[in-house]
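K.L.:
Pasting a structure here, questions to come.
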């Protein structure tokens with residue numbers, strides 16, 4: 001199974017190896033050598049991966065916002081079939097939900113694409129770093145440009161005295177254990193901060209008070225423990241990749257929450273207030289297939305006089321001579337209709 005997985009990932013592992021080596025040449029040309037050149041090469045690799053995934057990330061943003069907009073309709077469908085457990089009802093609920101997705105052009109799986117497509121790159125880097133020692137010893141073949149000589153060079157390089165391919169569990173020296181613990185703590189903290197920011201600022205209030213979000217809150221606080229358990233088995237190079245991608249995600253999400261917030265969220269309200277202060281048109285997100293009353297918004301486009309037009313008697317209408325009809329709302333015809 002392991003050989004099959006490695007064969008499946010071989011194009012990506014070769015690509016990862018080439019990108020790392022290219023970045024290493026860049027840093028070396030800039031006068032940065034030793035372990036820091038290889039560490040920055042992993043940072044450069046992370047940036048390349050995340051840039052490649054930007055189009056998918058944009059799709060994820062729009063998919064998430066659409067999902068927020070149709071939540072009231074989804075809840076109506078769920079309420080319609082609440083308590084019905086027979087197969088026919090479950091099938092009808094699923095069909096109505098799918099019809100809603102189709103009508104509004106919403107894809108609930110689009111929001112998962114960047115995470116799913118980033119995983120192969122993560123495992124490809126893990127494969128490269130995990131085999132460095134074997135390549136250097138000649139017991140494993142070269143991975144792209146990383147042959148025995150380059151693998152030996154990477155193996156002999158370190159930052160703060162910790163080799164890139166070493167893990168917390170596989171090391172006996174203090175520098176490696178200290179560095180892996182620091183990286184795991186930073187990795188857990190950045191993940192926690194990013195997810196908490198997403199849940200607190202970019203979620204509508206109606207979405208925060210439900211069983212699903214309560215489960216998400218539990219997962220949010222369990223994440224540091226999960227990272228601690230898994231992180232002790234990852235090479236330092238992979239931990240650097242993971243921390244870098246978390247920092248990228250934090251910056252990317254800050255921009256998205258500020259410029260493209262979820263409908264009905266505190267961030268959207270703040271955006272509308274900023275737009276109103278600057279005299280700009282307040283933007284709203286609407287979906288085809290949803291009635292205008294289903295739009296989620298917190299700020300009106302512009303001040304509008306919404307005072308109810310009072311009914312006018314026939315005598316009063318004659319006295320005004322139809323002058324009030326200039327506005328198109330209070331003419332004699334409207335008065336007659338109101339009296340009728």
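K.L.:
Answer with yes or no whether residue 125 is in contact with a helix residue (DSSP H, G or I) (Cβ under 9 Å, 6 or more places away or on another chain), at pLDDT below 85 and either buried (at least 18 other Cβ atoms within 10 Å of the Cβ) or in a helix (DSSP H, G or I) (or both).
P.N.:
Here the answer is no, as residue 125 does not meet what is asked.
K.L.:
For residue 134, indicate whether it is in contact with a helix residue (DSSP H, G or I) (Cβ under 9 Å, 6 or more places away or on another chain) and surrounded by fewer than 20 Cβ atoms within 10 Å (Cβ to Cβ).
P.N.:
Working: in contact with a helix residue (DSSP H, G or I) (Cβ under 9 Å, 6 or more places away or on another chain): yes; surrounded by fewer than 20 Cβ atoms within 10 Å (Cβ to Cβ): yes.
Spelling it out, residue 134 is indeed in contact with a helix residue (DSSP H, G or I) (Cβ under 9 Å, 6 or more places away or on another chain) and surrounded by fewer than 20 Cβ atoms within 10 Å (Cβ to Cβ).
K.L.:
Could I ask something else about it? Any chance segment 162-175 includes a residue that's under 22 Å from residue 24 (Cα atoms) and modelled with pLDDT under 85?
P.N.:
For segment 162-175, residues under 22 Å from residue 24 (Cα atoms) and modelled with pLDDT under 85: present.
K.L.:
Of 68, 75, which residue is in a helix (DSSP H, G or I), under 30 Å from residue 201 (Cβ atoms) and in contact with a strand residue (DSSP E or B) (Cβ under 7 Å, 6 or more places away or on another chain)?
P.N.:
68
K.L.:
Which of (1) part of a helix (DSSP H, G or I); (2) over 15 Å from residue 129 (Cβ atoms); (3) modelled with pLDDT under 90 does residue 186 not meet, given it meets every other one?
P.N.:
Among (1) part of a helix (DSSP H, G or I); (2) over 15 Å from residue 129 (Cβ atoms); (3) modelled with pLDDT under 90, residue 186 violates only (3).
K.L.:
Please specify each residue of segment 170-182 satisfying the condition of being within 18 Å of residue 130 (Cα to Cα) and not in a loop (DSSP other than H, G, I, E, B).
P.N.:
Listed by number, the residues that qualify are 176, 177, 179, 180.
K.L.:
Provide a single number: the residues in segment 48-61 that are in contact with a helix residue (DSSP H, G or I) (Cβ under 8 Å, 6 or more places away or on another chain) and part of a helix (DSSP H, G or I).
P.N.:
8
K.L.:
Restricting to segment 202-236, count the residues that are at pLDDT 70 or above and in contact with a strand residue (DSSP E or B) (Cβ under 9 Å, 6 or more places away or on another chain).
P.N.:
2
K.L.:
A follow-up question, please. Considering only residues that are more than 18 Å from residue 235 (Cβ to Cβ) and touching a residue at least 60 places away in the same chain (Cβ under 8 Å), which ones fall in segment 145-160? Show your work before the answer.
P.N.:
Step one: filter segment 145-160 for residues more than 18 Å from residue 235 (Cβ to Cβ), giving 145, 147-149.
Of everything in segment 145-160, just one residue is more than 18 Å from residue 235 (Cβ to Cβ) and touching a residue at least 60 places away in the same chain (Cβ under 8 Å), namely 145.
K.L.:
Out of all the residues in segment 269-295, which are modelled with pLDDT under 80, under 25 Å from the mean Cα position of the chain (by Cα) and part of a helix (DSSP H, G or I)?
P.N.:
Of everything in segment 269-295, just one residue is modelled with pLDDT under 80, under 25 Å from the mean Cα position of the chain (by Cα) and part of a helix (DSSP H, G or I), namely 294.
K.L.:
Further question: Which members of segment 256-268 meet the condition of being closer than 18 Å to residue 56 by Cβ and under 11 Å from the mean Cα position of the chain (by Cα)?
P.N.:
Once the filter is applied, which keeps residues that are closer than 18 Å to residue 56 by Cβ and under 11 Å from the mean Cα position of the chain (by Cα), segment 256-268 yields only 256.
K.L.:
Oh, and also: Listed residues 167, 106; which is crowded, with 18+ Cβ neighbours inside 10 Å, outside any helix (DSSP H, G or I) and under 26 Å from the mean Cα position of the chain (by Cα)?
P.N.:
On the way: 167 fails: under 26 Å from the mean Cα position of the chain (by Cα).
Testing whether each residue is crowded, with 18+ Cβ neighbours inside 10 Å, outside any helix (DSSP H, G or I) and under 26 Å from the mean Cα position of the chain (by Cα) leaves just 106.
K.L.:
While we're looking at this one, here's another question. Output the residues belonging to segment 153-195 that are closer than 16 Å to residue 42 by Cβ and in contact with a strand residue (DSSP E or B) (Cβ under 9 Å, 6 or more places away or on another chain).
P.N.:
Across segment 153-195, the qualifying residues are 154, 155, 157, 164, 166, 179, 180.
The values are calculated or read from the model by the stated rules, or taken from the named source; none is laboratory data. The structure presented is a predicted model; accordingly, all values stated were derived computationally and were not measured. We place every Cβ from the backbone using ideal geometry, glycine too, and count neighbours over all the protein chains shown.
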